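This report concerns only the one structure given below.
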Amino acid sequence: MTTEEEALVRANDRSHVFHSWSVQGAINPMPVAGGLGSEFWDYDGKRYLDFGAQLVNLNLGHQHPALIAAIHAQADRLATIQPALANDVRGELAALVTDAAGESFAKVFFTNGGADANENAVRMARLFTGKRKVMAMYRSYHGSTSTAISLTGDPRRWANEPSDPSVVHFHGPYPYRSPFYSDGPEQETERALEYLEQTIVLEGAATIGAILIETIVGTNGVLVPPPGYLKGVRALCDKYGIVYIADEVMVGFGRTGEMFAYQAHDVVPDLVTFAKGINSGYVPLGGVIISRAIAEYFDDKMFPGGLTYSGHPLACAVGVATFGVFERDGILAHVKDMGERVVEPILKGWLEKHPCVGDVRGVGLFWAIELVKDKATREPLVPFNASGADAAPMAAFVAACKAAGLWPFAHFNRTHVCPPLVITEEELRRGLAIIDDALTVVDRALTV
Ligand code: PLP
């Protein structure tokens, strides 16, 4: 039943809200009445388990009492202050973040989100090296502002072109659909690094200031780098005087069971960009974690960049509270446990059970299920960048999930399992059972 309140939300939205990444007349966003933990609900009280954690940012779930309390307390003390002044929570959060990132990091430049974090990381790298070109991967997403969308290696860039001509794209590892025709992870690492080095040499190492890589490619497929790949990238950056920027906007702050995903790959970047999980998006916040060497470079040189809301106290207070919750509730251990004991065995079982499941991969609470028409040929269930009628089989999967009370993350021919990190085992198993049933719907469509 449609309530008057819901009708008003819908009417205002349709008349006055201009939405991201949409044909405005083709959408009808669902009005949301509330949320708690890993669920949110509509105006009829229908509840959805949030298996995308909104946009993979809601790491501590909806309405976490400690985060809400931090906003209230900070609002009572000092709701805002400009970035040129020193502020207690801003400094406290910067110290917590640099400590968590590792001893080679000294400072944090705060931004409003992930795109501007990448913009500013690239700006720093260009100034530090005196070299302008930046390399980034195909199958990547780095944000929708000017440089960040140029760096992006997926169709969201196409509609924004012509893009920054100083960006060079390259293929990263993707063992299931190897661009290097490799026969497994070891060869994938070897060939991907060989190809990257050739690209650097042919582009001219003397022109390349930075390589920007999502530590684990997020929206474009939860592509966990095979062993040794990131170490190899680090070595190439050292060899050719290139700044290694790790985009940890999606994977940072616990998504993989580490505070930062690079920490499982025995590698230390020069700059790390973050957003989303730093404070679960309760108040917009992102930033760049800066190595000691790059921070010192700016000790006697001006950094030509800034944002009115850099290090906003409300946002930083939620960040500080987030660290408290991680510590108190053992979030990282919970993520590892849920990933290893619950998600991984269930998803791997689907490889046998479901004709439409071609590949499953991931770590912690960050997994992709890649759907195919045919396991042998690996033909994707829907074409790359499918929309409209072409995307119908995925739309049917999404509809089946939603009808059963789960809000899935779906992109091209994949669904991702990336719920809030606070999800309980019962909720996780319930959600996976819903996906299991929805996959059966896809299987059936394949055989008719
Ligand atoms: N980098 C990655 C890896 C992301 O996943 C995103 C957003 O999804 C961004 C950057 C951009 O962040 P924002 O939307 O906060 O600008």
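For this structure, a couple of remarks:
- Any pair with Cβ under 6 angstrom, 6 or more apart, that starts in the range 102-114 at a residue that is at negative phi and among the aliphatic types (A, V, I, L, M) and ends at one that is assigned to a strand (DSSP E or B) and within 13 Å of the ligand (Cβ to nearest atom): Val108/Gly287
- Within the range 132-158, residues that are at positive phi sit with their Cβ atoms under 6 Å from residues that are within 12 Å of the ligand (Cβ to nearest atom), at 6+ positions apart or across chains, in these pairs: Arg139/Gly153; Arg139/Val217; Arg139/Asn220; Gly143/Gly114; Gly143/Ala115; Gly143/Asn118.
Residue-wise test of (1) away from the ligand (no atom under 16 Å from the Cβ); (2) outside the structural domain of Asp300 (by TED's automatic domain parsing); (3) in a helix (DSSP H, G or I).
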position	(1), (2), (3)
Ala73	yes, no, yes
Asp76	yes, no, yes
Glu92	yes, no, yes
Phe110	no, no, no
Asn118	no, no, yes
Ala136	no, no, no
Ser144	no, no, no
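- Among the candidates Ser22, Ser38, residue that is within 29 Å of Arg156 (Cα to Cα), hydroxyl-bearing (Ser, Thr, Tyr) and free of Cβ contacts under 8 Å to residues at least 60 places away in the same chain: Ser22
- Residue match in the range 10-19 (condition: within 30 Å of Trp367 (Cα to Cα) and outside the structural domain of Thr256 (by TED's automatic domain parsing)): yes
- Of the residues Glu344, Glu340, Glu352, the single one that is among the acidic types (Asp, Glu), over 21 Å from Gly52 (Cα atoms) and outside the structural domain of Thr80 (by TED's automatic domain parsing) is Glu352.
- Pro165 vs. criteria closer than 18 Å to Pro225 by Cβ and either among the β-branched types (Val, Ile, Thr) or surrounded by fewer than 22 Cβ atoms within 10 Å (Cβ to Cβ) (or both): no
The values are calculated or read from the model by the stated rules, or taken from the named source; none is laboratory data. Note that the structure is predicted; figures quoted are calculated from it, not measured. Glycine gets a Cβ as well: all are built from the backbone with ideal geometry, and neighbour counts include every protein chain shown.
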